[in-house]
Amino acid sequence: MQKKDELYRGKAKTVFHTDDENLLILEFRNDTSAFDGEKIEQLDRKGEVNNKFNHFIMNHLEQAGIKTQVNALISDTESVVKKLDMIPVECVVRNVAAGSLCRRLGVEEGLTLNPPTFEFFLKNDALHDPMINDYHIVSFGWATEDQINTMKSLTFKVNEVLTALFDQGDMILVDYKLEFGVDVDGNIVLGDEFTPDGCRLWDKETRNKMDKDRFRQGLGSVVETYIEVAGRLGLDLN
Ligand code: TMP
Ligand code: ASP
C-alpha cells in the first residue's frame, strides 16, 4: 500500500490518504497537547508508544466483539485504519470523579460513580469542547437518535472490557473519551485512539496518576509511565 497526501493534521496525529480509498494511515507524533492545544510539547518516543498501545487495546476490543477502525501496524509510529466518516462528538464515561466533572459540579476527585456516568462533548477546540446533550446532536444533524444509542451502548461495553483489563494490571480506569465514525456499510465503528492520552488511569494501591494528567499537571515521567501501563497489561514497549 502507498501512503499518499495528508488528509488531516490533528494535535497529536496526522491522517494520510492511501492508494486504497477505504484505508487511511494514522501517524502518531511525539506532540503532546493539553488544554485544547494551549500546552504542547514533544515527548521522546510518545508517538511510538501510543501507536503500539492503541493497536494492542483496539485488538483487545475487537476480540471482545467491538468493531474498531484499526487494521494493521505498519511502522513504529504508523497504523493502517479503515476510513470512517467521523461523528464530531466525544463520548466520555466516568467511573470515578476527576477532571472537568469536579470543576463543573464541585465534587471531590476520587468519588466513585455508581453507576458510571456518561457525557457528550462537541469536538471543537476553539469552543473548548463544550458539553452537549443528545438533543443538540440530533438538532444539528451530527448523529441520529439510533446512532446516539449505539455510541452509548458501545462506550459502556468498552467500559466493561477495559475496566477488567486495567484491573488485572492493578489500575483503575477512572474515565476515558471515545470517538466513533460510520463505515462504508453504515456501521458505527470505534475510531481515533485509546491510549493514556485520552483516559485517566490510577494505580489501584497508591492512586498515582498514570495518564496524561502527568503532562497536564507537570508531574514528569510521562512516556515512562505509559510504558509501565503497557507493561502491566503484558505489552513490553521498553
Ligand atoms: P475531562 O475531565 O477533561 O472532561 O476529560 C474526561 C476524560 O476524557 C479524560 O480521560 C480525558 C478525556 N478527554 C480527551 O481525551 N479529550 C477531550 O477533548 C476531552 C473533552 C476529554
Ligand atoms: N486533548 C485535548 C488537548 O489536547 C484536551 C486535553 O487533553 O487536555 O488539548
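The values are calculated or read from the model by the stated rules, or taken from the named source; none is laboratory data. Note that the structure is a prediction, hence the values are computed from the model and not measured. Cβ sites come from the backbone with ideal geometry, for glycine too, and all protein chains shown count toward neighbours.
A few remarks follow.
- Under the condition of being over 18 Å from LEU113 (Cα atoms), among the hydrophobic types (A, V, I, L, M, F, W, C) and loosely packed, with under 14 Cβ neighbours inside 10 Å, the residues counted in segment 132-169 number 1.
- Of all positions in segment 36-53, at least one carries a residue that is over 30 Å from HIS136 (Cα atoms), over 17 Å from the mean Cα position of the chain (by Cα) and without any contact (Cβ under 8 Å) to a residue 60 or more places away in the chain.
- The residues on offer are GLU179, GLU145, and the sole one that is among the charged types (D, E, K, R), more than 16 Å from ligand 2 (Cβ to nearest atom) and either more than 30 Å from GLU21 (Cα to Cα) or modelled with pLDDT of 95 or more (or both) is GLU145.
- One residue from VAL92, VAL81, VAL107 being in contact (Cβ under 8 Å) with a residue 12 or more places away in the chain and either more than 27 Å from LEU23 (Cα to Cα) or within 11 Å of ligand 1 (Cβ to nearest atom) (or both): VAL92
- Scan of segment 127-147 for residues that are part of a helix (DSSP H, G or I) and free of Cβ contacts under 8 Å to residues at least 24 places away in the same chain, ordered by number: LEU127, ASP134, TYR135, HIS136, VAL138, SER139, GLU145, ASP146
- Within segment 166-201, the set of residues being assigned to a strand (DSSP E or B), within 11 Å of ligand 1 (Cβ to nearest atom) and of a type outside the set (Lys, Arg) comprises LEU173, VAL174, ASP175, TYR176, LEU178, GLU179, CYS199, LEU201.
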